[in-house]
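The values are calculated or read from the model by the stated rules, or taken from the named source; none is laboratory data. Keep in mind that what you see is a predicted model, and the values were worked out from it rather than measured. Cβ atoms come from the backbone with ideal geometry, glycine included; neighbour counts cover every protein chain shown.
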Amino acid sequence: VLYLIWAYIPETWLFSLGLTYWPQKYWAVALPVYLLVTVGIGYILLFGINMMSTAPLNSTDTITDNFAKKQQQKKFQEEAIPALRDIPISEVNRMFFLPEK
Amino acid sequence: MAEERRFRSASGVPITLRRRQHSASCRELAVRGPRLQLRSLSAATSAVWLAAYGLFALSENSMVLSAAIFITLIGLIIYLHFVKIDQESLLVIGSLGIQVTSSYASGKESTVFIEMGQVKDVVINEAIHMQKVIYYLCILLQDPEDPQGISEVVPLFQSSKPRLDCLIEVYKSCQEILERRKTAPQSI
């Protein structure tokens with residue numbers, strides 16, 4: 001509310017009231033423009049940060065993970081659903097691509 | 001015996017896969033991309049020269065024209081020698097190792113050899129690359145300390161990114177040779 005009052009009332013009136021030390025009126029328009037430009041650049045920046053933090057094709061992060069390396073093998077129980085674990089990529093490949101029709 | 005089949009790359013460009021079996025434990029797989037097209041070359045050259053002529057019409061400086069000619073020539077040489085890869089080939093020798101060669105359009109060839117002791121497996125991995133999810137073939141290198149671990153990933157066929165059907169062919173050929181090295185006795 002104070003912002004709106006300051007933006008709209010002309011300087012001479014404010015001076016007559018005795019309030020002289022306010023920022024220049026230029027900033028009443030400049031600050032919103034700065035905010036909107038920051039929001040717009042934020043979109044582009046976020047997109048760029050996403051692209052930069054994607055693992056490159058030659059990194060081991062595309063294959064395995066710190067958690068996957070330290071996982072423990074649970075014992076196989078009869079007639080129970082097998083425990084969830086991260087299957088190594090060689091096994092997955094063999095299952096998908098090797099069987100002949 | 002040699003065999004050649006046509007496939008498509010990830011961007012739709014037609015590529016050919018050539019398979020040659022040199023012996024029971026040695027295979028060569030080569031992926032060949034399209035040659036430099038005359039129409040794209042002339043389109044690029046005319047675009048650069050039209051821009052240079054426009055600049056010349058604006059500035060009346062004749063150096064712009066000769067600079068444009070130099071830029072076109074040098075740019076073409078750099079492109080052919082460093083950027084345009086004609087053929088990427090994979091030579092798998094069962095007891096020795098895997099050799100990856102890329103031959104550029106200017107005749108330059110760069111090869112990388114990985115010995116079999118370091119190779120853990122050749123797999124088809126999928127990853128995010130430039131707002132797309134692509135399948136690519138890669139060699140997994142073994143970690144010397146940890147037998148189950150993977151120390152490095154070497155992606156193959158990076159410039160002529162073949163699609164999954166071509167990759168499955170290459171994968172099957174490589175696996176036939178890699179399986180045999182486990183049953184054969186390791187010598188040195």
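Within the stretch B:140-165, the residues that satisfy the criterion of being assigned to a strand (DSSP E or B) and at the interface with chain A (Cβ under 10 Å from one of its Cβ atoms) are B:Leu140, B:Leu141, B:Ile150, B:Ser151, B:Glu152, B:Val153, B:Val154, B:Pro155.
Given (1) over 30 Å from B:Arg35 (Cα atoms); (2) without any contact (Cβ under 8 Å) to a residue 40 or more places away in the chain; (3) touching a strand residue (DSSP E or B) at 6+ places or on another chain (Cβ under 7 Å), where does B:His81 come up short, assuming only one miss? It is condition (1) that B:His81 fails. When restricted to residues that are in contact with a helix residue (DSSP H, G or I) (Cβ under 8 Å, 6 or more places away or on another chain) and charged (D, E, K, R), the stretch B:127-149 contains 0. Taking the criterion of being closer than 24 Å to B:Arg8 by Cα, of a type in the set (A, V, I, L, M), assigned to a strand (DSSP E or B) and more than 11 Å from chain A (Cβ to nearest Cβ), the only residue of the stretch B:97-132 that qualifies is B:Val100. Entry remark, the stretch B:1-42: residues being in a helix (DSSP H, G or I) and either surrounded by fewer than 11 Cβ atoms within 10 Å (Cβ to Cβ) or charged (D, E, K, R) (or both) number 4 in total.
Which numbered condition in (1) under 24 Å from A:Lys69 (Cα atoms); (2) at pLDDT 90 or above; (3) over 28 Å from the mean Cα position of the chain (by Cα) is the only one that B:Ser46 fails? Unmet for B:Ser46, out of (1) under 24 Å from A:Lys69 (Cα atoms); (2) at pLDDT 90 or above; (3) over 28 Å from the mean Cα position of the chain (by Cα): (1).
The criterion of at least 2 residues that are at pLDDT 80 or above is met by the following helices (runs of 4 or more DSSP H) wholly inside the stretch A:26-101: A:26-53, A:89-97.
Conditions (1) buried (at least 17 other Cβ atoms within 10 Å of the Cβ); (2) under 30 Å from B:Thr45 (Cα atoms); (3) touching an Asp or Glu at 6+ places or on another chain (Cβ under 7 Å), marked per residue:
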site	(1), (2), (3)
B:Ala67	no, yes, no
B:Gly75	no, yes, no
B:Gly94	yes, no, no
B:Ser106	no, yes, no
B:Val122	yes, no, no
B:Asn125	yes, no, no
B:Pro147	no, no, no
B:Phe157	yes, yes, yes
B:Tyr171	yes, no, no
